[in-house]
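Structure first, commentary second.
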Amino acid sequence: TPWLTQQLDNYLQYFPGYSIVQRAVTQFKNISGASDSNSSQYNPWPYYMFTGSLRPYPQSNKREVPPPIGRPDYADDPNGFPHSEQKLRGSTNIKCLSDEEIEGMRVACKLAREVLDEGVKAAGIGVTTDEVDRIVHEAAVERECYPSPLNYHGFPKSCCTSINEVICHGIPDMRPLQNGDICNIDVTVYHRNFHGDLNETLFIGEVNSIARNLVKTTWECLQKSIEIVKPGVKYRDVGAVIQKHAHSQGFSVVRSYCGHGIHQLFHTAPSVPHYTSTWKDEQWPDNWTAVTADGKLSAQFEETLLVTETGVEILTQRRERNGQPYFTD
């Protein structure tokens, strides 16, 4: 069986607002493209048994952010330690934002969407994920934003690019994107003390029907869950909607990655599970790249949501095509 996850962020009273993410894997073999053969030239972990065909490639040097741009506390920490987050570690207190803070979130999320749009435009057959990262980085800096992933707990790049069997936290590198890949680009920016977070999964060239159904189902899970969000709805009810639709299409939920709050902190309360069953995943020796245990495909989508008195506002929604995702273009 396969899987899917959802990530939630936060805001107003009762049901504090949240960023939703969904990750899914097919129950079939990954047949999206040719196996990577780069390991004979670059193999940082000669004894590691990969679960799928994807392999790591060399990475470029860490990119810099000009000093005038506001930075989160972990940006200049030698280990990328987010001190402000750690002060609240273990706390279940959910912050409700003021009108001024909500407006700060709206601005950060709008800019995050613009940055993701630039990264999506760059992605295509033969383009490296390192090049996508460069464009995301420069787009963030142009908008006076700090790319939130950069140096967060030591993460070396400005966005996450998760290909095929990678569930999340893939590190951009020199591997060219191949026809038949699916690639998730995950962008978060920090602007004037607030983080905005979103991601989309893309088709690279012509993908097979398995990948197409996976990505479509993941997007549908996100939409169905957003439809029920309003004050008073329990987090577990959101998860139940996701899991029900995922299972109906032959997928299940990734247990390891849950929802989280977001505002002045990149990750904070609440932590929101979206499953009742378990699915296994593994992590590459880089301590970031999470992959499916059987090498099957994974997909995800994420939006940051503001829960209002009457319902929900999608702060990171695409402006074009009535908010439809890029894979439908």
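All of the numbers you see were taken from the coordinates with simple rules; none came from a lab. Just so we're clear, the structure is a prediction, and the values are computed from it rather than from any experiment. Counting neighbours? That spans all protein chains shown, and the Cβs are built from the backbone with ideal geometry, glycine included.
Ordered by the count of other Cβ atoms within 10 Å of each Cβ, fewest first, 113, 63 give 63, 113. Annotation: peptides 287-298, 121-132, 229-240, ranked by per-residue average of other Cβ atoms within 10 Å with the highest first, follow the order 287-298, 121-132, 229-240.
Of the listed peptides 216-225, 173-182, 314-323, what is their order by residue-averaged count of other C-beta atoms within 10 Å, with the highest listed first?
Averaged packing, sorted descending, gives the order 216-225, 173-182, 314-323.
Of the three principal axes defined by the Cα atoms of segment 137-277, the extents in descending order read 42, 41, 23 Å.
The C-alpha atoms of segment 18-328 occupy a region whose extents along the principal axes are 54, 48, 39 Å, arranged from largest to smallest. In this structure, the amide hydrogen of residue 300, modeled 1.01 Å from its nitrogen in the peptide plane, lies closer than 5 angstrom to those of 24, 201, counting only residues at least 5 positions away or on a different chain.
In this structure, the amide hydrogen of residue 148, modeled 1.01 Å from its nitrogen in the peptide plane, lies closer than 5 angstrom to those of 188, 189, 190, counting only residues at least 5 positions away or on a different chain.
Here the spin labels are modelled as points 7 Å beyond Cα on the Cα-Cβ line, and at residue 107 and residue 43 they lie 5.2 nm apart. The Rg/Rh ratio of segment 112-206, with Rg taken over Cα atoms and Rh as the Kirkwood radius over Cα pairs, comes to 0.95. Backbone geometry of segment 182-197 corresponds, through the Karplus equation with coefficients 6.51, -1.76 and 1.60 at θ = phi - 60°, to 3J(HN,Hα) couplings of 10, 9, 9, 10, 10, 10, 9, 10, 10, 9, 6, 6, 10, 9, x, 9 Hz, x marking Gly and Pro. If R0 equals 25 Å, the separation of the Cβ atoms of residue 62 and residue 320 corresponds to a calculated FRET efficiency of about 0.15.
Per-residue Karplus couplings for segment 104-109, computed as 6.51 cos²θ - 1.76 cosθ + 1.60 with θ equal to phi - 60°, are listed in order as x, 5, 4, 5, 4, 6 Hz, Gly and Pro entered as x.
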